[in-house]
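Undergrad: I am attaching a structure below and will ask some questions about it afterwards.
The values are calculated or read from the model by the stated rules, or taken from the named source; none is laboratory data. Just so you know, these numbers come straight off a predicted model, no measurement behind them. All Cβ positions, even for glycine, are placed from backbone atoms using ideal geometry, and neighbour counts span all protein chains on display.
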């Protein structure tokens, strides 16, 4: 076989060089003849001898040289095989189907393979798929585990061929083998987890109703109440090797290791319920809010995350924990109803700030949420009255008028007391935007469901007034945000602002009716989410011309709407003995979503029902209206469906699903909340 082998490439050139040098010597000998013949004849034997040796090397010894090279290569291949076999890195060869063709000792030891056993990568590593095996050029990396060890499995495609032509043909026909490398990541992953576990997590604890709770207990026992709360907080944080520091009388700062976060989340922050058990005669249970920041770029960013989280917890009504993990936000608790603040200091401060902003602008745009309801409309009218009193041009943005708003809106249309351009669409308002324009958003704090979201990007000065609990989606670029979840309605908040923003503002009867109607509708005739300040706002509007009978007549139902509401109630299913789920028809209705919301309110009147949910299909979108009295936080329920709202009034919208699929998703959310204990 050695005789038939051909020498090619650089080795051929190397063996040919002595013959080429022979020509050089012959030429030198010829030149010597002309210079000195004796010297030339003396040099001739040496030249002939060199030529003979060169010819012998090229034609005869090269076969022996080639044989030596073959022997060396075979010995090298044997050494290489021994190196691969004894290599400490687990290595194997597999075919396209994942069958192991050859494994080294390290691979056999790790996989505990018996000698000669035929195994398959798909059987050994469930994480490996047929798609991974089908890779052509790029290596594939798969993280897997075997026994107690975790591995990174690298699959490198290899095309076996002896010539370039054969290699090209092999690639075309996809005849390949897979080089399999196993890298043990057990220790690396364990060290990474230990580093993660030791990270610092920053948290803030605020007592929601500290002043109110102290006032409900005897003065001599107030220090004892404070001491018991301090003990609860310090014991809770100390049990997880954390440090808590009291910053103010009702505020705590704490730090813990990140490894304890999973424990806190699994028990859903038990201190939220534990602190309510503190009772030394206080009529009011103490509640607290927790804000936690983690996985920031540094300690300061974790603290900033914690402040954002605590603001969200308070904005959502308190009695809950909010965890901000980078861009991810999670909510826990939120079962209690937030108590109304007796003081109006905040309303006065916000009113003065709003006036200062208005005085710097020439034009106001007032916007509510999509498919505006009477609360949104009434609050917009109230802001319009404030702007007019300050001699500012203002417009209310309404893209689609619902049946609930139309009767009240008709009182302002074609009315000589109001400008013709009082109501504009979003596109019309966008044409008016300039540097001296201010946007006031009422009854909504989520940018995606505002009536004209594009205005939020166009206007630089934005003010938000809302009574819904905040979610992770907020209007982040607002220069003034007045969000009070305890308020019954946006109209109540605007009525309070009206009393403080300027002296002697005269409200016309139609405006008072609109704002009064907003309070009536959102409180279901003062039966839901009402407090002392709700009745004070209603009394203020009554003194300014609001008429109860006139409002009631404006909001009577049409017969077709009444029948649709009755159909929704008739179709309602009682789920898990405490939840009524109904479907509202939309055919022939101008505003089926309003009818669906009314049906949800009616279903709460059934004994034993903790929450009602009504689904309405309108314009290829499933609108969900959820209502409760006090036992269920429907805001949390709707947030899991991409919506939000208030603790007792919330909603969501689902696209690209059928009504039955949406109903099933609602049931799944209820089941999940029951399992987690979010519903008692």
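Undergrad: Please report, ordered by residue number, the strands (runs of 3 or more DSSP E) entirely within the range 583-680 with at least 3 residues that are farther than 16 Å from residue 573 by Cβ.
TA: Ranges flagged: 621-628, 649-655.
Undergrad: Another one. Identify, from the list 614, 634, 621, the residue that is closer than 21 Å to residue 522 by Cβ and out of contact with any helix residue (DSSP H, G or I) (no Cβ under 8 Å at 6 or more places or on another chain).
TA: 634 is the lone residue from the list that is closer than 21 Å to residue 522 by Cβ and out of contact with any helix residue (DSSP H, G or I) (no Cβ under 8 Å at 6 or more places or on another chain).
Undergrad: While we're looking at this one, here's another question. Do we find that residue 653 is surrounded by fewer than 21 Cβ atoms within 10 Å (Cβ to Cβ) and closer than 25 Å to residue 318 by Cβ in this structure?
TA: no
Undergrad: Shifting gears a bit: Looking at (1) under 32 Å from the mean Cα position of the chain (by Cα); (2) modelled with pLDDT under 90, can you tell me which one residue 369 breaks?
TA: (2)
Undergrad: Here's a follow-up. Taking only the range 129-143 into account, find how many residues are at pLDDT 85 or above and closer than 18 Å to residue 99 by Cβ.
TA: Qualifying residue count for the region: 2.
Undergrad: Suppose we filter 632, 636, 614 for residues that are more than 15 Å from residue 581 (Cβ to Cβ), surrounded by 15 or more Cβ atoms within 10 Å (Cβ to Cβ), in contact (Cβ under 8 Å) with a residue 24 or more places away in the chain and not assigned by TED's automatic domain parsing to the domain that holds residue 318; which single one remains?
TA: 636
Undergrad: Here's another thing I want to ask about it. With respect to residue 44, determine if the residue is surrounded by 11 or more Cβ atoms within 10 Å (Cβ to Cβ), over 30 Å from residue 151 (Cα atoms), at pLDDT below 80 and out of contact with any strand residue (DSSP E or B) (no Cβ under 8 Å at 6 or more places or on another chain).
TA: No.
Undergrad: Would you mind listing the helices (runs of 4 or more DSSP H) fully within the range 416-522 where at least 1 residues are in the same structural domain as residue 374 (by TED's automatic domain parsing), touching a helix residue (DSSP H, G or I) at 6+ places or on another chain (Cβ under 6 Å) and buried (at least 16 other Cβ atoms within 10 Å of the Cβ)?
TA: 454-458, 490-501, 509-522
Undergrad: Which of the following residues is more than 25 Å from residue 377 (Cα to Cα), out of contact with any strand residue (DSSP E or B) (no Cβ under 9 Å at 6 or more places or on another chain) and assigned to a helix (DSSP H, G or I): 537, 566?
TA: Exactly one of 537, 566 is more than 25 Å from residue 377 (Cα to Cα), out of contact with any strand residue (DSSP E or B) (no Cβ under 9 Å at 6 or more places or on another chain) and assigned to a helix (DSSP H, G or I), namely 566.
Undergrad: Shifting gears a bit: If I filter the range 389-404 for residues that are within 19 Å of residue 497 (Cα to Cα) and in a helix (DSSP H, G or I), do I get at least one hit?
TA: Checking the range 389-404: at least one residue is within 19 Å of residue 497 (Cα to Cα) and in a helix (DSSP H, G or I).
Undergrad: Which residues, counting only those in the range 590-611, are surrounded by 16 or more Cβ atoms within 10 Å (Cβ to Cβ) and over 22 Å from residue 661 (Cβ atoms)?
TA: Result: 591, 594, 598, 601, 602, 604, 609, 610.
Undergrad: I'm told residue 525 meets every condition in (1) under 22 Å from residue 630 (Cα atoms); (2) touching a residue at least 40 places away in the same chain (Cβ under 8 Å) except one. Can you identify the failing condition by its number?
TA: (2)
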